[in-house]
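Notes follow the structure.
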């Protein structure tokens, strides 16, 4: 049996390498908060969610609608999904309880007993799985769920459980082991084959005259002295030879069931994480939507009500969303007031892109974008305390690394890049890099304080660039909403200065009088 809740025709590989810039994405976009919200202290959900979000960039858009359909059913049937996940967790934990014995002994008899115990436990969990399929299969409509429940009903019917119980009862060998063998070279035993014992009722008359029948039988028998240790070892060796193949086959069967539950747990962990996140956002009445993925070649990006999901998870209030349509633009350039929400907007775009491409819902009222084959971030970093290189050197080195790994259809997010030098040099460096990337067909979202950089693009390539500006009200307050508008020469840094160093009253004494004077 296969789960196939993440892919239509293959299993999820939990050992698949992450994208090369996974650490940068987590750091720049603040994804640790997202993963923690999905996990809710479940380390397994945390790891699976991290891997799914950070490994879905090079798979294309084909799997996204498939997962979206599965996720819709999960959100509608959260209790059932959590119950299935609990069964899968119980099964994998059961295997761990038997793991120590599996590495301490490889004797066929020990392997057989351990496999019988393990499969007996698995049968109970498979029964739970079958009951859920019988009770709730009609509540799920996604192809992934329908395929899973269909195979459960087909493979785990009443006949399967009856046969399994019968086989396990026989494999306990309560009446001893029946073997056949032939003489090999040197009159040594060979070709040991385990035989199924005949099952028939023994009448009281046969038991009464068992000794008489035994005397007339052509079979031979012998018995061991209770203190014959060498004979006992010899018989145990014969028994192990006979049951070796059966023990191996049963161990493989147990491993097959364990693999099924392991895959089911892994795939359900992702959807449990999505349910956890969805419940937290719903509790705050934050909107979510299932995005529309498009081919990477179309270079689309448009949304309404897009907000930074990691920010809202750490606040009691709702956060402000943004609207934009950059479908016809290669570059989105964001300028405007300091602390007006520009970096928050940039992170919201990056997080939404990753959430869409792994099949999740998105923190927005509506979201449509191409499924790019790479998402890269170039955010400003703190000063290098080791002083191994200058800040501009470090920025250029990271830019060079991105270029070395660039994909055919990528998205790159710049946050105040190339500002480690003066305005003129930083603007020229940024202009050349952004122009080259635009010629390459890269989708770019750039937050910058470099007015010369923004003005140069506004005057030269306005048709290919969408200009957004962090708004500022007349009294200096920030509504944290981005609007379309041309770059301004100021980022209103004076507002920040006054918020940190507010005007204070000081007294001056003049001609024997004391008069308060407002300090600026």
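In the list 36, 121, which residue meets the criterion of being in a helix (DSSP H, G or I) and in contact with a helix residue (DSSP H, G or I) (Cβ under 6 Å, 6 or more places away or on another chain)? Before you say what the answer is, go through the steps one by one.
Working: 36 fails: in contact with a helix residue (DSSP H, G or I) (Cβ under 6 Å, 6 or more places away or on another chain).
Within the list 36, 121, the selection yields 121.
With the structure loaded, tell me whether residue 117 is at positive phi and either more than 25 Å from the chain's Cα centre (by Cα) or surrounded by fewer than 16 Cβ atoms within 10 Å (Cβ to Cβ) (or both) or whether it fails that test. Can you show your working first?
On the way: at positive phi: no; either more than 25 Å from the chain's Cα centre (by Cα) or surrounded by fewer than 16 Cβ atoms within 10 Å (Cβ to Cβ) (or both): yes.
No, not satisfied.
To keep it simple, each residue is scored yes or no on (1) modelled with pLDDT under 95; (2) crowded, with 22+ Cβ neighbours inside 10 Å.
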{"residue": "287", "(1), (2)": "no, no"}
{"residue": "306", "(1), (2)": "no, yes"}
{"residue": "309", "(1), (2)": "no, yes"}
{"residue": "317", "(1), (2)": "yes, no"}
{"residue": "320", "(1), (2)": "yes, no"}
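Quick check on segment 90-105. Is at least one of its residues surrounded by 15 or more Cβ atoms within 10 Å (Cβ to Cβ), under 18 Å from residue 2 (Cα atoms) and in contact (Cβ under 8 Å) with a residue 60 or more places away in the chain?
Yes, segment 90-105 has at least one match.
Just need a number here: residues in segment 138-171 that are part of a loop (DSSP other than H, G, I, E, B) and either within 25 Å of the chain's Cα centre (by Cα) or not assigned by TED's automatic domain parsing to the domain that holds residue 70 (or both). It would help to see each step written out before you state the result.
Just the residues of segment 138-171 that are part of a loop (DSSP other than H, G, I, E, B), to begin with: 140-142, 156-157.
Narrowing the set further to residues that are either within 25 Å of the chain's Cα centre (by Cα) or not assigned by TED's automatic domain parsing to the domain that holds residue 70 (or both) leaves 140-142.
The qualifying residues number 3.
Surrounded by 19 or more Cβ atoms within 10 Å (Cβ to Cβ) and modelled with pLDDT of 90 or more: does that describe residue 75?
Working: surrounded by 19 or more Cβ atoms within 10 Å (Cβ to Cβ): no; modelled with pLDDT of 90 or more: yes.
Criteria not met by residue 75.
Does residue 40 satisfy being at positive phi and in contact (Cβ under 8 Å) with a residue 40 or more places away in the chain? Break it down stepwise before answering.
Working: at positive phi: yes; in contact (Cβ under 8 Å) with a residue 40 or more places away in the chain: yes.
Against the criterion (at positive phi and in contact (Cβ under 8 Å) with a residue 40 or more places away in the chain), residue 40 qualifies.
Which condition number in (1) more than 21 Å from the chain's Cα centre (by Cα); (2) in a strand (DSSP E or B) is the one that residue 345 fails?
Just one mismatch for residue 345, condition (2).
Is there a residue in segment 43-66 that is modelled with pLDDT of 95 or more and not in a helix (DSSP H, G or I)?
No, that holds for no residue.
Got a sec? Which of 301, 268 is assigned by TED's automatic domain parsing to the domain that holds residue 110, on the phi < 0 side of the Ramachandran plot, modelled with pLDDT of 95 or more and crowded, with 18+ Cβ neighbours inside 10 Å?
On the way: 301 fails: assigned by TED's automatic domain parsing to the domain that holds residue 110.
Testing whether each residue is assigned by TED's automatic domain parsing to the domain that holds residue 110, on the phi < 0 side of the Ramachandran plot, modelled with pLDDT of 95 or more and crowded, with 18+ Cβ neighbours inside 10 Å leaves just 268.
For segment 406-520, which fully contained helices (runs of 4 or more DSSP H) count at least 3 residues that are farther than 30 Å from residue 57 by Cβ and modelled with pLDDT of 90 or more? Give the steps one after another, and end with the answer.
Details: elements: 423-439, 451-460, 493-500.
Counting at least 3 such residues, we get 423-439, 451-460.
Applying the selection to segment 268-315, what residues are without any contact (Cβ under 8 Å) to a residue 12 or more places away in the chain and part of a loop (DSSP other than H, G, I, E, B)?
Scanning segment 268-315 gives a single hit, 315.
So is residue 377 assigned to a loop (DSSP other than H, G, I, E, B) and closer than 16 Å to residue 54 by Cα or not? If you could, list the steps in order and put the result at the bottom.
Numbers: assigned to a loop (DSSP other than H, G, I, E, B): no; closer than 16 Å to residue 54 by Cα: yes.
Criteria not met by residue 377.
Okay, residues lined up against (1) buried (at least 17 other Cβ atoms within 10 Å of the Cβ); (2) in contact with a helix residue (DSSP H, G or I) (Cβ under 8 Å, 6 or more places away or on another chain); (3) more than 19 Å from residue 308 (Cα to Cα):
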position: 3; (1), (2), (3): yes, yes, yes
position: 16; (1), (2), (3): no, yes, yes
position: 27; (1), (2), (3): no, no, no
position: 31; (1), (2), (3): yes, yes, no
position: 41; (1), (2), (3): no, no, yes
position: 59; (1), (2), (3): no, yes, yes
position: 65; (1), (2), (3): no, no, yes
position: 68; (1), (2), (3): yes, no, yes
position: 81; (1), (2), (3): yes, yes, yes
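Which pairs turn up if I take residues in segment 169-189 that are under 18 Å from residue 240 (Cβ atoms) and look for partners that are assigned to a loop (DSSP other than H, G, I, E, B) with beta carbon separation below 6 Å, at least 6 apart in sequence or on another chain?
178/197
Out of 181, 137, which single residue is more than 21 Å from residue 253 (Cβ to Cβ) and touching a strand residue (DSSP E or B) at 6+ places or on another chain (Cβ under 9 Å)?
Numbers: 137 fails: touching a strand residue (DSSP E or B) at 6+ places or on another chain (Cβ under 9 Å).
Being more than 21 Å from residue 253 (Cβ to Cβ) and touching a strand residue (DSSP E or B) at 6+ places or on another chain (Cβ under 9 Å) holds for just one of 181, 137, which is 181.
The values are calculated or read from the model by the stated rules, or taken from the named source; none is laboratory data. All figures in this text were calculated on a predicted structure; none of them were measured in a lab. Every residue, glycine as well, gets a Cβ built from its backbone with ideal geometry; the counts of neighbours run over all protein chains shown.
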